[in-house]
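Below is one structure, written out as structure tokens, with a few remarks after it.
The values are calculated or read from the model by the stated rules, or taken from the named source; none is laboratory data. Since the model is a prediction, treat every value here as computed from it, not as a measurement. Cβ placement follows ideal geometry from the backbone for every residue including glycine, while neighbour counts extend to all protein chains displayed.
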Amino acid sequence: MLEPRTDPAAHLNPPKQHRSRRTLERIVEASLELLATEGPSGLTVHKVVDKADSSVGSFYARFKGKDDLLDYLGDRIWTEALDRWNDALASRAWGALSLSEMVEGSVGLLIDAQRSRSAYLRALDWAAGGPSDAYTTFRTQLLVGLGDILLRRRLQMTHPNPELAVRLGLRAVLGVVESEFRAVGERLPRETLVEECRVLLLGYLTGETLEPGSGEGVEFFDVWS
């Protein structure tokens, strides 16, 4: 299990009053919305405070500047994403599931993890002007965690090298998910994406020819709820 890189509070003049904490949250939410809609180049101090209905003075009372804000957001989003991912893995009784159910659940978690926070991690890496370190590390965490879970059912896999099959199979599914999220135009519904990726991965692990819609209906939960 990976640990958060730093304490997000290390980049912040910590607010003590409730009103001040609310101002901080508005600044954070405004910054994330700007990253999502305009990308790193659209994240400026003036745009942030305008969107947060705050002031430049309030911003600089908490951060030394844009770089300080980016450092805080990077550590905060990394910590949040990692904590929620670890909670998601720990909160499911994986040992009681069949291989098919494990595959279906794993695919659902990959899709949910890619839906929001991972995009913020990529944007923050780009905004910092360095390599995609936080996103790459988080992506590795997803694959390692789910790989360990699926290999609990290695005896049900017909592939001659279960470790290799799980590794490549999960990467293939993640590639499909990432490509679909970047697609221009209408995206596949989540249910369709889960089912098709389940057929893809389970067929690779077991050699079975599966039909879409033959899943066992694993109950999903939102990683980010």
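Worth a mention:
- Qualifying residue in region 107-119 (condition: aliphatic (A, V, I, L, M) and over 21 Å from R171 (Cβ atoms)): no
- Test: residue in region 128-136 that is in a helix (DSSP H, G or I), among the aromatic types (F, W, Y) and in contact (Cβ under 8 Å) with a residue 24 or more places away in the chain: no
- Number of residues in region 83-120 that are within 16 Å of the chain's Cα centre (by Cα), at pLDDT below 85 and not aliphatic (A, V, I, L, M): the value is 12.
- Members of region 169-191 that are within 17 Å of E104 (Cα to Cα) and without any contact (Cβ under 8 Å) to a residue 12 or more places away in the chain: G175, L188, P189, E191
- Long-range neighbours under 6 Å by Cβ, at least six apart or interchain, first residue over 11 Å from D125 (Cα atoms) within region 72-88, second surrounded by 21 or more Cβ atoms within 10 Å (Cβ to Cβ) and of a type in the set (F, W, Y): I77/Y120; A81/F138
- Search result, residues across region 171-208 that are part of a helix (DSSP H, G or I), among the hydrophobic types (A, V, I, L, M, F, W, C) and surrounded by fewer than 18 Cβ atoms within 10 Å (Cβ to Cβ): A172, F181, L200
- Residues of region 43-82 satisfying the condition of being under 30 Å from L110 (Cβ atoms) and either over 27 Å from the mean Cα position of the chain (by Cα) or surrounded by fewer than 16 Cβ atoms within 10 Å (Cβ to Cβ) (or both): E80
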